[in-house]
Structure formats: structure tokens, C-alpha cells
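The values are calculated or read from the model by the stated rules, or taken from the named source; none is laboratory data. Note that the coordinates shown come from a computational prediction; the quantities given were computed from them, not determined experimentally. We place every Cβ from the backbone using ideal geometry, glycine too, and count neighbours over all the protein chains shown.
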Amino acid sequence: MNLAGRLRLALAAPPAQPLLAGDLIEGTDGNAVAAAVLIALTDRDEPGVVLTVRREHMRTHAGQIAFPGGRLDLGESAVEAALCEAREEVGLEPSLVQVIGQLQPYRTVTAFAVTPVVAVIPPDLPLVAQDSEVAEWFEAPLAYLIDPAKQRLEAAMFRGRERDYYVIEWNGRRIWGATAAMLVNLSRQLEWA
């Protein structure tokens, strides 16, 4: 069975473990800004995951590793937003994306409810980082990122509370916070990997 077929089966099944819901959002009455990210998996024998490095001057999440994505515009679906942001951030043409499904939204401590959209893309696309937001993009091996042995739980103080977050170190890169948590959720959903 090809990657898309295996992903469809995995996303249709209950996760192996409960998925991480994210943080409680203090001071917002539970209201969160809807956002979406594209978890683009490259269709190869050893699939990869497309990730971006945000520019250091960005107002939020500066310098962090993230999936392409952003907030939903009025009337926009999570899939539409994820595809639009991936096109803007790395030049990924929506016509090349095979959307497989969505994971449950993940609440960030910065008051976003982020829906991860899982998709398959052809390998070796000539993606180009959009210079004003994205410093660079890279592809990391899916098998490594979703290996529970590589997902380390850490804690830090934020807004007066100690909060737990996941970290995945790969090839000198530190993937942490919401991006790492969404990868943990993906690993819990893809028990076949």
C-alpha cells in the first residue's frame, strides 16, 4: 500500500494513545484564534516532513521551527488556510498536495487552536522560502520525528506557571513547543510507522 493509503487508514483509526490537546489559555475565556498548519509528508520510501525556520525578526515565534501555516481568514477552512500558507511560505503549489486528513486542533499557550492538516507531496520539489517570513525550509525524516524515543518532555516557567513541552532534536535543530507536540500527536495516530 502506498503512503497516502497507509495514512488514510491510520487517520481513520483511533490513536494508539490519547492525543495532546494543548494548553489551557488563561485570560482568554477559552477563546482561541483558529489556525492551521500543513504537515506535508514527502512521498518516498522513507517519507520526510517539510518544516520551516521562521525569521528572527518575526513578532511571534521568531527563529522557531514550524510547519507552514497561519491563522484562518474569515470563511476559510483549515485545509484552505494550510494550503494557502504553504504556498505563501515555501511556494508549494496546492495542485501538488494530496490532502489526507486532519488531526484534532492543538491549543497553544499563545491562544491559537491549530488544526494540523496531513498531506502527501511529491519528493524533491523545488520549494523556495518566502524571504520576509521564512529563513529556510528543510525536510526531516518522518520515522525519526515520530519515534517516541526521540520525543523528550521538558518543563519551563511561562506566565507564572510551569508548563511541560516536547522537544525533538534532529541534525542540530531543536523542534519544540506546538510543532513538537503536533509531531507527538502524529506519532500517536500513526502506530504503523
Considering only segment 102-130, state which residues are surrounded by fewer than 19 Cβ atoms within 10 Å (Cβ to Cβ), in contact with a Lys or Arg (Cβ under 7 Å, 6 or more places away or on another chain) and under 21 Å from Val184 (Cβ atoms). Val109
From Arg55, Arg59, Arg107, grab the single residue that is modelled with pLDDT under 95, over 16 Å from the mean Cα position of the chain (by Cα), within 17 Å of Trp176 (Cα to Cα) and not acidic (Asp, Glu). Arg55
Some residue of segment 153-166 being within 19 Å of Leu38 (Cβ to Cβ) and either surrounded by fewer than 16 Cβ atoms within 10 Å (Cβ to Cβ) or polar (S, T, N, Q) (or both): no
Would it be correct to say that Ala149 is farther than 27 Å from Gly91 by Cα, at pLDDT below 95 and of a type in the set (Gly, Ala, Ser)? no
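Here's the yes/no breakdown for (1) of a type outside the set (Asp, Glu); (2) at pLDDT 95 or above:
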| position | (1), (2) |
| --- | --- |
| Gln64 | yes, no |
| Phe67 | yes, yes |
| Cys84 | yes, yes |
| Gly101 | yes, yes |
| Asp124 | no, yes |
| Pro141 | yes, yes |
Every residue in segment 156-193 that is among the polar types (S, T, N, Q) and either in contact with a Lys or Arg (Cβ under 9 Å, 6 or more places away or on another chain) or in a loop (DSSP other than H, G, I, E, B) (or both), please. Asn171
Scan (1) modelled with pLDDT of 95 or more; (2) over 30 Å from Met1 (Cα atoms); (3) out of contact with any helix residue (DSSP H, G or I) (no Cβ under 8 Å at 6 or more places or on another chain) for the single condition Val167 breaks and write down its number. (3)
